[in-house]
Amino acid sequence: MVASNFQKKAFFWGKLIFLSALVMLLVHNSAVAKEMIIKIGVVGPLTGQFAAVGQSQLNGAEMKANEINAAPGEYTIELISEDDASKCDQSVNATVKLITRERVVSIIGACNSPCALAMVPITQRYQVPQFTFGVGTAITKQGSDWIFRVAVGAPGQTQALADYAVNTLGHDKIAVLYSDDEYGASMAENFKAALEEMDLQPAAYESYPRSDKDFSGQLTSVKKSEATCLYATGSYAASALIAKQAKQLGLSLQLIGDTGNATPKYIELGGEAVEGAVIVEPFTPADPDPAIQVFVEKYKSQYQQDPDGWVAEMYDTVGMIHEAVVKTGKIDPKSIQNYLAGLTFESAYSGILGDWYFGPEGNANFDLYKVQIKDGKKVILER
Amino acid sequence: MDFVTIPQLAFSGLTIGCVYSLVGLGFALTLRATELINFAQGEMVMLGAFIGLTLISFFHLPYIMVFILSIILTGIFGMFMERFILRRILDNKSPLLNLLIATLGISISLQALAIILWGREPVPYPDIFSVEPVMFFGIRLQHLNLWILCLGLASMAALQFFFQKTMTGISWRAASLDPSTAALYGVNRQRNVSLTFALSGALGGGAGVLIAPLYFASFGMGHSVLVKSFAAAAMGGFGVVGTMIGGLALGAIETLAAGLISSEYKNVIMYVILLAVLMVFFRPKTPTGRSITEGSKVAAGRAVNLFSADMPFWIRPSALLLGAAVWLIIPAVFDVYTMRILNLALIFAVAALGLQLIVGYTGQFSFGHAAFFGIGAYTSALLAIQLNLPFLLTLPLAGAAAGLVGWLAGPLLRLSGHFLAIGSLAMGEIIFLLMLNWKWLTKGAYGLYGIPFPSIFGFEISSDYAYYFLVTMVLGLICFLVHRLTDSRFGRGLIAVRENELAAMVNGINLISQKTKAFVIGTACAGIAGALYAHYVTYINPDSFQFHVSVEMVTMVVIGGLGSVPGSLIGALVIILLPEYLRGLADYRLVVYGGLLIGFMMYLPGGLADLARYPLRILRQRLQKNVREVTQ
Amino acid sequence: MTLLTLQQITKNFGGLTAVDHIDLSVEKGTIHGLIGPNGSGKTTVFNLITGIYPLTSGTITFNGMDITGYPAFKVNQKGLARTFQEIQLFYDMTVLENAMMGCQRLTRAGAVAALVKLPWVTREEAFIREKAMAALDFVGLSGTAEEAARKIPYGHQRLLEVARALAGDPELLLLDEPAAGMNHAETRELMALIARIREMGITVFLVEHNMKMVMEICEWITVINYGQVIGHGKPAQVQADENVINAYLSGENITC
Ligand SMILES: Nc1ncnc2c1ncn2[C@@H]1O[C@H](COP(=O)(O)OP(=O)(O)OP(=O)(O)O)[C@@H](O)[C@H]1O
Ligand SMILES: [Mg+2]
C-alpha cells in the first residue's frame, strides 16, 4: 500500500509538471523587426525523408546571406527558415505565416515539386515572388507571374540526358526506373518523351514505391530487357541503392542520372557501384573556373562537404534577390518580381551558375554540365 | 522465365523477408504479452543501425561482435522504454489505443533525436564483406545477404529454443496464454513484460544492424519496414514460427511480384494477400464478452449534460449566445495565418468526428481513415474540374462516395482488435496505391491542381475568413447530426457494441450491420472533410492521404477524448495547431511534440475532454443547487 | 403447450462433443431447470439456443417456429432473452442505459430516425425509458438508475442482467447460474423474483448449481452429463434417479 501511495504521489506530481509544461508552452512568445532588412522565407523539409535536400537549400541561402551581411552595404539579409517535413499542408501553412506574419519579401521553396506547386496559388494571391528548384513541369504552368524556377526543369534535364546517352554514348536500349512520386514520374515521363522524339522507346519502364529499399524485382525486368543503359530517378539514396543492387545482380549497365543525383552523397552512398555513372547537373565542384573553386572551398570550410547543385542554386537566388533590391532601391515584393522578370540576356544577373534571366513562364535556363564519376570524383565531360 | 531468375529473386526476397520476420517478432512478442502494437519498434531498428555504425567506425569491432553488442544495447533500451514510460500507462489499465499513441510519441521523439545526433542524411556502412558473390548454380549469392540470412535465422532459432526449452520462456508463454492462472503459479508479470520489451528491442536492433549495411543507416529507416513487419506478424498469427514464416513469405512474394508481375502493383498485391489471409484465418468465430476486470476497448468518458431538465432554463440560450459570440469574434481577432491553421484544424475535425463515431463510440479500430478523406477530396475535385459541378453538389457527393467505399469495406469489420487495425491499415494503403496508380483518373503522383474555390450562390469563397464560415457551418451541422445520432437508440446500440459485443448481440443488436452503419457514416464524414480540404488547398496528391495521416487522425480522437463529440474538435485543434505552434523550437520541435503525445497518454488518459469535464461538472452542481434553492 | 423444443442438438468443439444429441422441451409458463456437473455442457446448450454458436446438427423450435441457425440478434427479436454465467454488462453505461438496451426488440428507430427525430422517435425514446425503469423497479434497482454499471455491487449486477432481459418483454428467459456468488439471503430474494417473473407469464429456463434452489422452484428438471441427457422429470423423480446420483457422485470425485 505504501508503494501505491507513492505511485499516486508520483502520478500527481508528474501530471502537475506535465500540465504546467503545457501552460508554459502556451505562454512563450517571439518576434521583433528592423529596417533595411531583406526578409526572405525559406520553406523546405528539415525533418522527414527529404531532410537532406532541405538542408542543402538552407545552406546555400545562408552562405550567400552571410556573405552579403559581412560585406559593406546598405542592406542586410534575414533568412527565416520553416520546416515543412515534405508535407504540402505544412509548406503552405509556413508560406502563409512567412508572408502575413513575418512580412518576407520573397519565398524560397519548397523542395518537393508537389509542395512548391501547392504554394504557387498562395504566393500568387499575396503577390510575393517564390523561387524553387522543384523540377515539376506544372509548377510554372499555373499562370502565376510570381513563380520563378531557379533550376532547369524536367524537360530540359531529361532532354539533355537522353540526347547525351543516345547520341554521344551511343545507347539505344535504355531502361528507366523511377520512384512513384511526382519527381520520379515527371522525370521518367519527360525522358520517355525525349526518347520518343528520337524514335526510341525505353527498353524497360519500371517504378518503385518511394519507401522501398529492395529493387531486385525491378532490376530483373531491366535484365530481361537486355538494356545497356539505366536511368534511375528518384531520391539519390534510392539511386545509389539501385546502382549497388544492379552490380550485385551481375548487371553491367551504363548508369545515367539527373540533378537528383547531383549531390556528393550519391557517390558516398553508391561507392564503387556508381563508378562511370554520367550525371547532368547545373553545378559541379569539378569545374576548374577559379570563381567556382573559391566558392567550393568556402562552402567546404563552412559545411565540411562539397556543395551540390541545390546549394549553388540557392546561393545565386539570394544573390539575385539582393541585387534586385539594390538596383531598385526598394524592399518590396512587387519591385523584386518586376526586376527579376525583366531580366534579359543582356541584363542577366551573373552568379556562380552563370547568367540568370527568366523565360515568360518564369523558367531559368542555363547549360547543364555532363559529368562522369571517376575514382569517386566528378569529371566534366561537356557543358 | 529462366531457372536462375526465380531463385535469384527469391534469395533477395528472403533476405529482406528475414528482416521483416525479426522486426515482426518484436511486434508479436509485445502484442502477446501486453496487447500493445508498438509503433516504436521501427525506431529500435534505427537505433540498432546507428549503434552498430558507431561501434564499427569508432571501435573497429568485427561484425559479429557489433551484432551482439547492438542487440544487447537496444535490448536494454527497450527495457528502459517499458520501465519509464509504458509501465505507467500499462498500470493505469489504459486501453490499447492509448498505449499505441504513446509508442507513436516515442517513435516521433526518437526519430527527431536521431536527426540531432546523427544528422539528416543516410550514412553508408563501411564495406565489411567481400563484394564478390558466391556463385551457386548460376545464382549470385552476396556474402552480406548470406550473413543476414544466417544471423537472422540463428536469432530466430535461439528465440524458439528460449520459448520452448527454458523455464523463463515457458512461463512467458504460459503468461501470454492465461495471465491470471500464470500469476497464481507465481509468474511475475512485471518481469515478463520487461523481458518482452528487452527481447523485442533486441530483435529490432538486430534487424537494424543486419539491414543497415545493405540499405544504409538513416533516421527514418525503421519506418519503411514497420508496416510490412507488422503484416508479417499478423500473417503468422503472432506466433514465433508463424511470424518467421510470414516474414520470409512476405519478402519473397513482394520481390517475386515486382519481378514477375508488376512493379506498380506489387504492394497492392501484397496488401490484398494480407487482407485475404486475415479474412480467412483470423476472423473470430464468436464475439467475446468482457469481464468487469478488463478495461474498456477505449477509455470513453461520460459527457456532462448541462442542458438536462433539472438545470436552469437560461443555460441553453446563454450557451448558444456565448458560442455565437466566440464564433464571430474569432475571425475578428486572428490574422490570416492563424485562420488558415484553424480552418485546416476544423476541416480535420470533421473527419475526426467521423472517426470518433467508429472508434470512440463503436469501439472499432480504423487506421485507414485518411483514405476516405482522400476519396472525398478526389471525388469533389474531379467533379468540379471535369464536370464543372457546383460545390453544393460535389460536397454531398464526396461524402456519398466515401461512404459507399466504406460500405464496400464493411466486411472488414468482421475482424476484431489488432486484426481489424492491420486490416483497415491494409485497406487504406490499397486505396492510396490506387490513387497513385489509376493515372487516367487521378493523374497519379502529379495530383490535381487548380481545384476551384467553392462558389455558393455565385459568391466565391476564397479568403481564409470566408472559408472559416463555410467550414464552421459544415462542422456545426455535422456536430449536430453526430450528437443526434449518438444520443438515440441507434447511438446506444453503437456504445453497446463497443462495451460488450456478446451482450449486445443477445440483446438484439446485429453486430455487423451496426458496425457497418457506423463505419459508413464515419467514412462519409471523412469524405465531406476531404471535399472541404480539396477546395481549400486547391491542390491534392495521394501523399496527403497516406497511412501517417490516418494515424494522425486516430491521435486527434484519442487526445481529444474518445466517445466525446467536443473531444474530436479539441483533438483536431491540438494535433494541427501544436506542430505549428512549436515551430520556434526548430530541431527540437518533433522531440517535444512526441514527448507531449507521451505525456498526454501518461497523465491524461481520458483525453482533453476529460480535463474539461471537471469544471463543467462543478458548474453543473452549482447551478443545480441554485435551482433547488430557488424552488425551496 | 411447448414453447421451446430442442431436437437432437449437437455441438462439436474440434474433437470434443460438448453437446451430444440432446432432446428437450420447455413447456410454456413453467420454470424448467437444467442441471449437470461442471463442464457437462449446460452453458453450451444455452449458447446454441441463443445463436451464439452455430449448431453442428439438430433443430431448435421456438413458439412453433424453426429458429435453427438464426443469428443471436434474431433469436432475441423472436422473444428469447438471457443472462450469462459470467456477468456481461455494458460496464461504462449507466444502469438505466443497460436496461434500455433490453428493449431493442420492441422498438425500431434506426440511424435515419435518429437524425430526423420525428415525433414518434421522441415518443419511442420515452417508451424505452419507461420500460427500462419498470424493469429496474421490478428487480429493485431503480434507486441506482444513474450510476455506472461497473460501480454497483456484484449482486446488483446480476439483477441488472435480469432486468435488461426483462425489459424486452421476452416469452422465454434463460438464466445461466443466476445465484452464483450470492449469499443466502440474496438467493432467497432471487428465488422470489424468479417466481414473480413466472407469474408475469414469462417462461423461465434455468441453469443452476444450487440444488436446493432448483428443487424448490423448478417444475421440470433435465439433467445432463458429458453433453447427454441422463435424466428428466419432476424434482422428486430426478432426485431419486440412479443415473443422476451416480453422475453427481463421480463428478464430485473428479472435482475434489
Ligand atoms: N468455445 C469453446 N471451445 C471449446 N470448448 C468449449 C467451448 N465452450 C465450452 N467448451 C467445452 O465444452 C464443455 C462444456 O462446457 P460448458 O461451459 O457448456 O459447461 P457447463 O455445463 O456450463 O459447466 P459449468 O457448470 O462449469 O458452467 C467443456 O468441456 C468446455 O471446456
Ligand atoms: Mg456454464
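The values are calculated or read from the model by the stated rules, or taken from the named source; none is laboratory data. Please read all numbers here as calculations on a predicted model, not as lab measurements. Here the Cβ positions follow ideal geometry from the backbone for every residue, glycine too, while neighbour counts run over all protein chains shown. The protein model used for the area step is the full one, side chains on, heavy atoms only, and it has no ligands, DNA or RNA in it. Shrake-Rupley method; radii C 1.70, N 1.55, O 1.52, S 1.80 Å.
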- prompt: Here are some residues: B:Val123, B:Val131. Which one is open to solvent by 60 Å² or more (accessible area, probe 1.4 Å) and aliphatic (A, V, I, L, M)?
  reply: B:Val131
- prompt: Out of curiosity, is B:Ile108 modelled with pLDDT under 85 and within 25 Å of the chain's Cα centre (by Cα)?
  reply: no
statement: When restricted to A:Lys173, A:Lys247, A:Lys192, the only residue over 20 Å from A:Thr263 (Cα atoms), facing chain B (nearest Cβ under 9 Å), open to solvent by 20 Å² or more (accessible area, probe 1.4 Å) and out of contact with any Leu (no Cβ under 6 Å at 6 or more places or on another chain) is A:Lys247
- prompt: Just wondering, is there one or more residues in the range B:370-382 that are of a type in the set (A, V, I, L, M, F, W, C), surrounded by fewer than 24 Cβ atoms within 10 Å (Cβ to Cβ) and more than 18 Å from B:Phe547 (Cα to Cα)?
  reply: yes
query: Quick one: which of C:Met200, C:Met215 is away from ligand 2 (no atom under 16 Å from the Cβ) and either within 24 Å of C:Ala132 (Cβ to Cβ) or free of Cβ contacts under 8 Å to residues at least 24 places away in the same chain (or both)?
result: C:Met200
message: Against the conditions (1) within 16 Å of ligand 2 (Cβ to nearest atom); (2) out of contact with any strand residue (DSSP E or B) (no Cβ under 6 Å at 6 or more places or on another chain), where does C:Gly14 fall short? Just the number, please.
response: (1)
field: Sole residue being touching a His at 6+ places or on another chain (Cβ under 8 Å) and in a helix (DSSP H, G or I), chosen from B:Gly399, B:Gly423, B:Gly428, B:Gly403
entry: B:Gly428
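Residues are listed down the side, and each one gets a yes or a no for (1) under 17 Å from the mean Cα position of the chain (by Cα); (2) within 16 Å of ligand 2 (Cβ to nearest atom); (3) at pLDDT below 90; (4) within 14 Å of chain B (Cβ to nearest Cβ):
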residue: C:Val207; (1), (2), (3), (4): yes, yes, no, no
residue: C:Met211; (1), (2), (3), (4): no, yes, yes, no
residue: C:Lys234; (1), (2), (3), (4): no, no, no, no
residue: C:Leu249; (1), (2), (3), (4): no, no, yes, no
message: Can you pull out every residue in the range C:91-116 that is surrounded by 19 or more Cβ atoms within 10 Å (Cβ to Cβ), within 7 Å of chain B (Cβ to nearest Cβ) and under 23 Å from C:Lys78 (Cα atoms)?
response: C:Glu97, C:Met100, C:Met101, C:Gly102, C:Gln104, C:Arg105, C:Ala109, C:Ala111
statement: Residue count, the range B:309-351, condition open to solvent by 30 Å² or more (accessible area, probe 1.4 Å), more than 14 Å from chain A (Cβ to nearest Cβ) and not in a helix (DSSP H, G or I), comes to 4
task: Filter the range C:205-221 down to the residues that are open to solvent by less than 40 Å² (accessible area, probe 1.4 Å) and within 12 Å of ligand 1 (Cβ to nearest atom), then identify the one that is nearest to C:Ala165 (Cα to Cα).
output: C:Val207
- request: Give B:Ile139, B:Ile128 a once-over and let me know the one that is closer than 23 Å to B:Ile72 by Cα, in contact (Cβ under 8 Å) with a residue 12 or more places away in the chain and within 13 Å of another protein chain (Cβ to nearest Cβ).
  value: B:Ile128
message: On the basis of being surrounded by fewer than 19 Cβ atoms within 10 Å (Cβ to Cβ) and either assigned to a helix (DSSP H, G or I) or not acidic (Asp, Glu) (or both), does B:Pro605 make the cut?
response: no
query: If you take just the helices (runs of 4 or more DSSP H) that sit entirely in the range B:161-257, which of them hold at least 1 residues that are in the same structural domain as B:Ala40 (by TED's automatic domain parsing) and buried (at least 22 other Cβ atoms within 10 Å of the Cβ)?
result: B:167-177, B:189-215, B:221-235, B:240-256
message: Just to be sure before I move on: is A:Glu78 open to solvent by 10 Å² or more (accessible area, probe 1.4 Å), part of a loop (DSSP other than H, G, I, E, B), among the acidic types (Asp, Glu) and more than 23 Å from A:Gln124 (Cβ to Cβ) in the structure I sent?
response: no
field: Count of residues meeting criterion [of a type in the set (D, E, K, R), within 19 Å of B:Asp587 (Cβ to Cβ) and more than 7 Å from chain B (Cβ to nearest Cβ)] in the range A:85-107
entry: 1
message: Can you find a residue that is over 23 Å from B:Ser130 (Cβ atoms), more than 14 Å from every other protein chain (Cβ to nearest Cβ), in contact with a strand residue (DSSP E or B) (Cβ under 6 Å, 6 or more places away or on another chain) and polar (S, T, N, Q) anywhere in the range A:214-236?
response: no
- prompt: So is C:Arg82 within 16 Å of ligand 2 (Cβ to nearest atom), touching a Pro at 6+ places or on another chain (Cβ under 9 Å) and within 7 Å of another protein chain (Cβ to nearest Cβ) or not?
  reply: yes
